[in-house]
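Student: Below are the C-alpha cells for one structure; questions will follow.
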Amino acid sequence: MSEFGKVALFTGKDVSCTGEQLIQLLNSISSSASGVWYGGDLEWMQYQPTSEFLLEKKLEKIGNTEQLISLINPENQMLSGVFLLFKDDLKEKKDIFVDTEDDIYRKYYNEIAQIRLFDTTYIEFYFDSDNFKRNIENYNFDKFALIKILSDKNISFWDVMKDSFDQL
C-alpha cells in the first residue's frame, strides 16, 4: 500500500470542520491543486449536498477545486468526509471505497492529495508536494489553526493532536 509523505493537521479554536474552514483550506492550496476532486463518506450536521452519492463510501467525481467549493455550505459543520485530488480524471471507472477512519497516511489510488474531516474535531490534509506545504505555511487562516505539518511518521500523531488541543 502506498503512503503520503506529509500531513497537515488543522483544528478550530471554537468549532472545527465547518464548511468555511474547508473552503479556507481549499483556497490555500488552490494554486497547486489543479486536477479533479472526488469525494465520499460525507456526513454533514444539517445541510446535505444535492448529490446523495457523496454520502456513500464509494468514491464519486466532484470536479475541479471551484466545483468542490461550490458544493460546500460555509455555515455547516461536517462529521466526516474524504476528498481525493487526482491529477487527471479517472477515465475508467474505479471502485474505490474511502473511509474517514482509515489508516493514517494511506493513499487509495495514486491521488496527489487527500483531505479527511473528523467528527467536528480536526481536519487532516495529506500530500507529498512541497508546493502544498508552502501554500499552507504562507496562507493566513483566520477561521481555524494549522497545528503542525508532520513528515516524520515516527512522531506520535495522537500526541501532537492532544498537545495542540491542550494549548487551545
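The values are calculated or read from the model by the stated rules, or taken from the named source; none is laboratory data. Computed from a predicted model, the values in this text were never measured in an experiment. In this analysis, Cβ positions are derived from the backbone assuming ideal geometry, glycine residues included, and neighbour counts consider all displayed protein chains.
Student: Specify the residue that is surrounded by the most Cβ atoms within 10 Å (Cβ to Cβ); the eligible residues are those in region 114-133 that are part of a helix (DSSP H, G or I) and touching a residue at least 12 places away in the same chain (Cβ under 8 Å). If you could, list the steps in order and put the result at the bottom.
Tutor: The first filter runs over region 114-133 and keeps only residues part of a helix (DSSP H, G or I), leaving 130-133.
Those still in the list that are touching a residue at least 12 places away in the same chain (Cβ under 8 Å) too: 131-133.
Numbers: N131: 13, F132: 23, K133: 18.
That would be F132.
Student: Separate question: Kindly check whether there is at least one residue in region 88-105 that is of a type in the set (S, T, N, Q), under 21 Å from K13 (Cβ atoms) and modelled with pLDDT of 80 or more. Walk me through how you get there before you give the answer.
Tutor: If we filter region 88-105 for residues that are of a type in the set (S, T, N, Q), which is where we start, we get 100.
Filter once more, keeping what is under 21 Å from K13 (Cβ atoms): none.
No.
Student: Residues R106, R116: which one is under 17 Å from I149 (Cα atoms), among the basic types (K, R) and in contact with a Gly (Cβ under 9 Å, 6 or more places away or on another chain)?
Tutor: Values: R106 fails: in contact with a Gly (Cβ under 9 Å, 6 or more places away or on another chain).
Exactly one residue qualifies, and that residue is R116.
Student: Hey, can you tell me all the residues within region 58-73 that are of a type in the set (S, T, N, Q) and either modelled with pLDDT under 90 or not in a loop (DSSP other than H, G, I, E, B) (or both)?
Tutor: The first filter runs over region 58-73 and keeps only residues of a type in the set (S, T, N, Q), leaving 64-65, 67, 70, 73.
Of everything in region 58-73, those that are of a type in the set (S, T, N, Q) and either modelled with pLDDT under 90 or not in a loop (DSSP other than H, G, I, E, B) (or both) turn out to be T65, Q67, S70, N73.
Student: Right, here's the next one. Within region 75-85, how many residues turn out to be surrounded by fewer than 19 Cβ atoms within 10 Å (Cβ to Cβ) and at pLDDT 90 or above?
Tutor: Residues that pass the stated criteria total 0.
Student: Filter region 42-57 for residues that are buried (at least 20 other Cβ atoms within 10 Å of the Cβ) and either part of a helix (DSSP H, G or I) or within 12 Å of the chain's Cα centre (by Cα) (or both); which is modelled with the highest pLDDT? Explain how you work it out, then say what you get.
Tutor: Of region 42-57, the ones buried (at least 20 other Cβ atoms within 10 Å of the Cβ) are 42, 44, 54.
Checking which are either part of a helix (DSSP H, G or I) or within 12 Å of the chain's Cα centre (by Cα) (or both) leaves us with 42, 54.
Working: L42: 84, L54: 60.
So, considering only residues that are buried (at least 20 other Cβ atoms within 10 Å of the Cβ) and either part of a helix (DSSP H, G or I) or within 12 Å of the chain's Cα centre (by Cα) (or both), the one modelled with the highest pLDDT is L42.
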